[in-house]
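The values are calculated or read from the model by the stated rules, or taken from the named source; none is laboratory data. Here the structure is a predicted model, which means the values were calculated and not measured. Cβ atoms come from the backbone with ideal geometry, glycine included; neighbour counts cover every protein chain shown. Remember, those area values only see protein heavy atoms, side chains included, never the ligands or the DNA or RNA. Shrake-Rupley method; radii C 1.70, N 1.55, O 1.52, S 1.80 Å.
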Amino acid sequence: MPKPPYWLPWLGPLLAAGVGAAVGEYGLGGGFWTVLVAALVCGFAPIVGYRVWVWRVRRRG
């Protein structure tokens, strides 16, 4: 399994801003809490994905 790209966690803020803006403008009613939850989930997804990827690579040895 290849190592994860080092820049993957840095996509979090960019994804959070993009998804928050898209949800606020186009979907799901665009309420404050809806936008906040969508931005937080999508903002932390690359960070969590990176950590899981690193954990799996190290676990395989």
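Applying the selection to region 25-48, what residues are farther than 15 Å from Pro9 by Cβ and open to solvent by less than 40 Å² (accessible area, probe 1.4 Å)?
Within region 25-48, Gly27, Gly30, Gly31, Val35, Ala38, Ala39 qualify.
List pairs: first in region 45-61 and in contact (Cβ under 8 Å) with a residue 40 or more places away in the chain and part of a helix (DSSP H, G or I), second among the aliphatic types (A, V, I, L, M) and exposed (fewer than 12 other Cβ atoms within 10 Å of the Cβ), Cβ under 7 Å, 6+ apart or cross-chain?
Pairs that qualify, where the first residue is in contact (Cβ under 8 Å) with a residue 40 or more places away in the chain and part of a helix (DSSP H, G or I) and the partner is among the aliphatic types (A, V, I, L, M) and exposed (fewer than 12 other Cβ atoms within 10 Å of the Cβ), are Arg56/Met1; Val57/Met1; Arg60/Met1.
Quick one: would you say Pro9 is of a type outside the set (Phe, Trp, Tyr), outside any helix (DSSP H, G or I) and open to solvent by less than 90 Å² (accessible area, probe 1.4 Å)? Give the derivation first.
Numbers: of a type outside the set (Phe, Trp, Tyr): yes; outside any helix (DSSP H, G or I): no; open to solvent by less than 90 Å² (accessible area, probe 1.4 Å): yes.
In short, no.
Suppose the filter is open to solvent by less than 60 Å² (accessible area, probe 1.4 Å) and outside any helix (DSSP H, G or I); does Pro4 pass it?
Numbers: open to solvent by less than 60 Å² (accessible area, probe 1.4 Å): yes; outside any helix (DSSP H, G or I): yes.
Considered against the rule, which asks whether it is open to solvent by less than 60 Å² (accessible area, probe 1.4 Å) and outside any helix (DSSP H, G or I), Pro4 comes out as yes.
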